[in-house]
Amino acid sequence: MKFFLDTADTDEIRQYAGTGMIDGITTNPSLIAKSGRDVFEVLEEICGLVSGPVSAEVTATDTDGMLAEAARLREIAGNIVIKAPLTWAGLTATRKLADDGVAVNVTLCFSANQALLAAKAGAAYISPFIGRIDDMGADGMELIREIRAIYDNYPDFKTEILAASIRTSAHVRDSALAGADVATLPPATLEALAKHPLTDKGLDAFLKDWAATGQSLLKE
Ligand code: E4P
């Protein structure tokens, strides 16, 4: 499973890029706004920090506008992936971009039929928003399972399932169990994946016993 970081905060990206755990970055207009920075400047910096795909979202709502914005975004760096919304205009833009060999992340997916359309349009990634579905009292993980089953029925589909709107460690575990190809995580959720109280307790005991020996693993 690939891990993307869901942030436009370059300090956070810099912190985790060196761990070897981060395969890419996703941004959206809200995350760019939160960064408080110029969109082109911040995306260029992000693309310099990671070699993997960096999703940059169009904001036009018509196909021609999306294509014009996509062309501008693609000038930033070779690892930019165009993010387009799951609307008919977005799907049409996705098809045109895919035909030109451009990777597109189709975002704001809330149903299996929408994911089916994105695969038909040649999307490189489909982003089901599991946290926002949970927020409505429904089961976001069930959508990941449905999309996995549908895509597996049609091996011609090359679209990767990118579990998005992840809020908890359980979302990551369950996305992996359901066969999502990628999970995009806020940095705090990524950090939480490594946490277990028994790990902390066990390490404390080991270090205490080790200190009592007075030994060192490094040559004096
Ligand atoms: C990722 O591509 C999405 O933009 C993001 O995961 C949305 O998450 P949110 O529902 O927490 O805003």
Q) If we scan the stretch 64-75, do we find a residue that is in contact (Cβ under 8 Å) with a residue 24 or more places away in the chain, under 18 Å from residue 127 (Cα atoms), within 16 Å of the ligand (Cβ to nearest atom) and not small (Gly, Ala, Ser)? A) no
**Q.** Positions within the stretch 86-119 being buried (at least 21 other Cβ atoms within 10 Å of the Cβ) and either in contact with a His (Cβ under 6 Å, 6 or more places away or on another chain) or under 24 Å from residue 39 (Cα atoms) (or both), in sequence order
**A.** 86, 90, 91, 93, 94, 97, 104, 105, 106, 107, 109
Q | Scan of the stretch 16-39 for residues that are out of contact with any Asp or Glu (no Cβ under 9 Å at 6 or more places or on another chain) and either of a type outside the set (D, E, K, R) or free of Cβ contacts under 8 Å to residues at least 12 places away in the same chain (or both), ordered by number | A | 17, 18, 19, 20, 21, 22, 24, 30, 33, 36, 38, 39
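Within the group 76, 82, 147, which residue is in contact with a Phe, Trp or Tyr (Cβ under 8 Å, 6 or more places away or on another chain), more than 16 Å from residue 3 (Cα to Cα), modelled with pLDDT of 95 or more and not hydroxyl-bearing (Ser, Thr, Tyr)? Talk me through it step by step, then tell me what you get.
On the way: 82 fails: in contact with a Phe, Trp or Tyr (Cβ under 8 Å, 6 or more places away or on another chain); 147 fails: in contact with a Phe, Trp or Tyr (Cβ under 8 Å, 6 or more places away or on another chain).
Going through 76, 82, 147 in turn, the sole match is 76.
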Q. Scanning the stretch 126-167 for residues that are outside any strand (DSSP E or B), within 11 Å of the ligand (Cβ to nearest atom) and without any contact (Cβ under 8 Å) to a residue 40 or more places away in the chain, which turns out nearest to the chain's Cα centre (by Cα)?
A. 165
Q) Between residues in the stretch 98-125 that are within 11 Å of residue 147 (Cα to Cα) and residues that are of a type in the set (Asp, Glu), which pairs lie under 6 Å by C-beta distance while being six or more apart or on different chains? A) 112/146
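Output the residues belonging to the stretch 1-59 that are among the β-branched types (Val, Ile, Thr), outside any helix (DSSP H, G or I) and within 16 Å of the ligand (Cβ to nearest atom). Quick ask: steps written out before the conclusion?
Restricting attention to the stretch 1-59, the residues satisfying the condition of being among the β-branched types (Val, Ile, Thr) are 7, 10, 13, 19, 22, 25-27, 32, 39, 42, 46, 50, 54, 58-59.
From what's left, outside any helix (DSSP H, G or I): 7, 19, 22, 25-27, 50, 54, 58-59.
7, 22, 25, 26, 27, 50, 54, 58, 59, listed by residue number.
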Q) Just to be sure, is residue 180 surrounded by fewer than 17 Cβ atoms within 10 Å (Cβ to Cβ), modelled with pLDDT of 95 or more and aliphatic (A, V, I, L, M)? A) no
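Table: residues versus (1) among the small types (Gly, Ala, Ser); (2) surrounded by 12 or more Cβ atoms within 10 Å (Cβ to Cβ); (3) farther than 25 Å from residue 18 by Cα; (4) in contact with a helix residue (DSSP H, G or I) (Cβ under 9 Å, 6 or more places away or on another chain).
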{"position": "121", "(1), (2), (3), (4)": "yes, yes, yes, yes"}
{"position": "133", "(1), (2), (3), (4)": "no, yes, yes, yes"}
{"position": "150", "(1), (2), (3), (4)": "no, yes, yes, yes"}
{"position": "164", "(1), (2), (3), (4)": "yes, yes, no, yes"}
{"position": "208", "(1), (2), (3), (4)": "no, no, yes, no"}
{"position": "212", "(1), (2), (3), (4)": "yes, no, yes, no"}
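The values are calculated or read from the model by the stated rules, or taken from the named source; none is laboratory data. Bear in mind that the values here come from a model prediction, so they are computed numbers and not experimental data. Heads up, the Cβs are rebuilt from the backbone with ideal geometry, glycines too, and the neighbour counts pull from every protein chain shown.
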